[in-house]
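Note sheet for the following structure.
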Amino acid sequence: MQFQVGQGRVALTVPDSESLLAIIGRRLQEGRGFALATMNVDHLEKLRSDDRFRTAYAAHDLIVADGNPIVWLAKLGGEPVSLVPGSDLVEALCAVAAGKGRSVAIIAGTEESGRIAADRLMAKIPGLRVAMIAAPGFPFDPEGPEADALLDRLTDSGASLCLLAVGAPRQEILAARGRGRCPNVGFASVGAGID
């Protein structure tokens, strides 16, 4: 399903969570990165007016429906998809990473929320390794020097999956940049899923 946003288009590329997790499992196994966005109505509105966000979204190869209005619009457009909320993906993505022997990085709104999430996820998912926890300052510029330092740290950490929870459009812009700088890392914009 494609959506007209401003002068461009964005498309849902994965129809359901089962397909998404299978794709991510293969990519983690092969050491191939990705950028996952979870489209909702707020994103559609921002995409209409924010060129940076639109450019970042275009760099995402995995886009799912995060919100019933997106599911309903896709159904009306004749291309039904299932609801795949980013908040529901956190544990599933970590379980896939652990199953493939890959470590995870968490970039959250605060170090505390990242640490609490990491502790809970590691207690719940056997074999999960969290290689990095970080929280950028506020206001965070996903195209600035702090973002560059975060991506360098991510590369050094050896993580294969990076959960981004710094809000739209910052997390999607950082994921798009990360695709170029860290081609073996999968970036998943999960927003409030970490909290």
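The values are calculated or read from the model by the stated rules, or taken from the named source; none is laboratory data. Keep in mind the model is a prediction, meaning the values are calculated, not measured. Counting neighbours? That spans all protein chains shown, and the Cβs are built from the backbone with ideal geometry, glycine included. Just the protein is used for accessible areas: all its heavy atoms, side chains included, with ligands, DNA and RNA removed. Shrake-Rupley method; radii C 1.70, N 1.55, O 1.52, S 1.80 Å.
Overall, the accessible surface of the chain at a probe of 1.4 angstrom is composed of carbon and sulfur to the extent of 50 percent. Set against the labelled values (i) 1.33; (ii) 0.96; (iii) 1.28, Cα Rg over 2.2 N^0.38 Å computed from this structure falls on (ii).
Taking 7 Å steps out from each Cα toward its Cβ at residue 41 and residue 103 produces label points 4.2 nm apart. When the chain is treated as a Gaussian network with alpha carbon springs shorter than 10 Å, the biggest mean-square fluctuation among 133, 23, 70 belongs to 23. Here the Gaussian network model covers the chain, with springs between Cα atoms less than 10 Å apart; of 139, 85, 69, 139 fluctuates the most.
The HN-Hα couplings worked out from phi for the stretch 73-89 by the Karplus form 6.51 cos²θ - 1.76 cosθ + 1.60 (θ = phi - 60°) are 4, 5, 5, 4, x, x, 10, x, 9, 9, 6, 9, x, x, 5, 7, 7 Hz, whole numbers, x standing for Gly and Pro. Counting only lysines at least 8 places from residue 75 when in the same chain, those with an alpha carbon closer than 26 Å to its own are 46. Taken per residue, the accessible surface of the chain reaches 45 Å², heavy atoms only and a 1.4 Å probe. Note on the stretch 2-189: antiparallel DSSP beta bridges, both residues inside, total approximately 15 percent of the bridges counted.
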